[in-house]
């Protein structure tokens, strides 16, 4: 048992889907898993393990932000021997051609968070997806006829930016969208020799101003899960 996860050893599968919202983890388990069992309720961060196509798979919330996902990723890898960590989250589009509900797979994650600057003594580390998971996700999307975009994203410490037009700077450099966790996940996975990938659904657009509701974010976004769950 770890500090933030009450699961017994062996209760968590080698592959874990990681939504930010714990209620989305509950929805994933109840919608996609056979015989799901809840393994964690500490701090309301729900986690479940079940079967998908006869393979064990887990889903667990991570909360919002780099510090939160870094804690859970670290404990899942070091205490529960998780090997594949797949973030399934929401993001805000930075590009005109990336619309609400589009799927973005994060090849890499730029960031305005200072955590990696602290860890690397002021140098820049480039948080990057695991290639095998990335390649399999692209192949799975093609087989399921799900259109995806792939590229560099931004992991931000800000949700409500002081200057709402700041996104244009990142957009000029080809950054596809913004979220709050991937750079932390990719860094922890690299350090601890695990595999990580972020698959994101566009929940709002900084270009058009359109957005989805909190309920939609919690209980829909099925295409993203259809891709991620096959990586088990």
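The values are calculated or read from the model by the stated rules, or taken from the named source; none is laboratory data. Predicted, not measured: the structure shown is a model, and the values here were computed from it. Cβ coordinates were reconstructed from backbone atoms using ideal geometry, including for glycine residues, and neighbour counts include every protein chain displayed.
With the requirement that a residue be touching a helix residue (DSSP H, G or I) at 6+ places or on another chain (Cβ under 9 Å) and touching a residue at least 12 places away in the same chain (Cβ under 8 Å), what does the range 157-175 give you?
Within the range 157-175, 157, 175 qualify.
Is it fair to say residue 71 is in contact (Cβ under 8 Å) with a residue 60 or more places away in the chain, crowded, with 24+ Cβ neighbours inside 10 Å and farther than 26 Å from residue 216 by Cβ?
So residue 71 does not fit the description; no.
Give the residue that is nearest to the chain's Cα centre (by Cα), with candidates limited to residues of the range 193-225 that are crowded, with 16+ Cβ neighbours inside 10 Å and more than 26 Å from residue 167 (Cβ to Cβ).
Only one residue fits best here, namely 225.
Based on this model, can you work out whether residue 49 counts as in contact (Cβ under 8 Å) with a residue 60 or more places away in the chain and either in contact with a strand residue (DSSP E or B) (Cβ under 8 Å, 6 or more places away or on another chain) or surrounded by 18 or more Cβ atoms within 10 Å (Cβ to Cβ) (or both)?
no
Can you tell me which residues in the range 11-45 are under 23 Å from residue 201 (Cβ atoms) and assigned to a loop (DSSP other than H, G, I, E, B)?
Selection gives 13, 19, 20, 21, 33, 45.
Please state which one of 150, 171, 106 is under 19 Å from the mean Cα position of the chain (by Cα), at pLDDT 95 or above and surrounded by fewer than 21 Cβ atoms within 10 Å (Cβ to Cβ).
150
Given the conditions (1) out of contact with any strand residue (DSSP E or B) (no Cβ under 7 Å at 6 or more places or on another chain); (2) over 17 Å from residue 198 (Cβ atoms); (3) in contact (Cβ under 8 Å) with a residue 60 or more places away in the chain, report the number of the one that residue 100 does not fulfil.
(1)
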